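Notes follow once the structure below has been shown.
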Amino acid sequence: MSAETTDIEEAAPKRSGKGLIVGLLLAVLLGGGAFYGVWSGLILGEEPAFESASVPVVQGDLPDVTFLPVQPLVINLGGHGENRHLRFQAQLEVNSGAMDDVTRMLPRVVDVLNGYLRAVDISELENPAALVRLRAQMLRRIQVVTGEGRVRDLLIMEFVLN
């Protein structure tokens, strides 16, 4: 009889824990998704009020600034037989009281921008994520040339690499 019981035990399929693991994994994923949905307001969030959506909200006075266009630049990036150009156009956001000072320094601003953009490597100009860093570098150089507190921001209007 002992031989029969061992044959029966061997013939019975052994249970694997795959179903339990898959069930636990699904429970964790669904629980996490439900938590995110409630936390972010996707589930049980407030409904938008359609009446207030048509009324614009004014959050105070606009800053006292003027925009000063910088002459468009075409910068030759070609080297060793390459014929590549960068077309760059920008505007300076200037405090209104400093408009005359910055206008007087505009040739120096163009010179600084021209020199900086010629020195930047082409691979960095081709990287779309680098535009934020390039803009910050150019703004800092412009602020050094024009003096602190005069130029608030640099707005890039055209940045085309041919």
**Prompt:** Which of the residues belonging to segment 98-118 are surrounded by 12 or more Cβ atoms within 10 Å (Cβ to Cβ) and among the small types (Gly, Ala, Ser)?
**Reply:** Ala98
**Request:** May I ask you to list pairs of residues, at least six apart or on different chains, whose Cβ atoms are under 8 Å apart, with the first in segment 105-118 being in contact (Cβ under 8 Å) with a residue 12 or more places away in the chain and the second being of a type in the set (D, E, K, R) and part of a helix (DSSP H, G or I)?
**Result:** Val112/Arg141; Leu113/Arg141; Tyr116/Arg141
**Request:** Grab the helices (runs of 4 or more DSSP H) fully contained in segment 1-90, keeping just those with 1 or more residues being exposed (fewer than 10 other Cβ atoms within 10 Å of the Cβ) and at pLDDT 65 or above.
**Result:** 18-40
**Request:** Tell me, please, whether a residue that is surrounded by 12 or more Cβ atoms within 10 Å (Cβ to Cβ), over 24 Å from Asn162 (Cβ atoms) and small (Gly, Ala, Ser) can be found in segment 125-134.
**Result:** no
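Within segment 136-152, count every residue that is open to solvent by less than 80 Å² (accessible area, probe 1.4 Å), within 14 Å of Leu113 (Cα to Cα) and not small (Gly, Ala, Ser).
Here the count works out to 7.
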**Fill in**
The condition of being at pLDDT 95 or above and out of contact with any strand residue (DSSP E or B) (no Cβ under 9 Å at 6 or more places or on another chain) holds, among Val144, Val94, only for Val144
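The values are calculated or read from the model by the stated rules, or taken from the named source; none is laboratory data. Nothing here was measured: the structure is a model prediction, and the numbers come from that model. Neighbour counts are summed over all protein chains in view; Cβ atoms, including those assigned to glycine, are modelled from backbone coordinates with ideal geometry. With ligands, DNA and RNA removed, areas are computed over all heavy atoms of the protein, side chains included. Shrake-Rupley method; radii C 1.70, N 1.55, O 1.52, S 1.80 Å.
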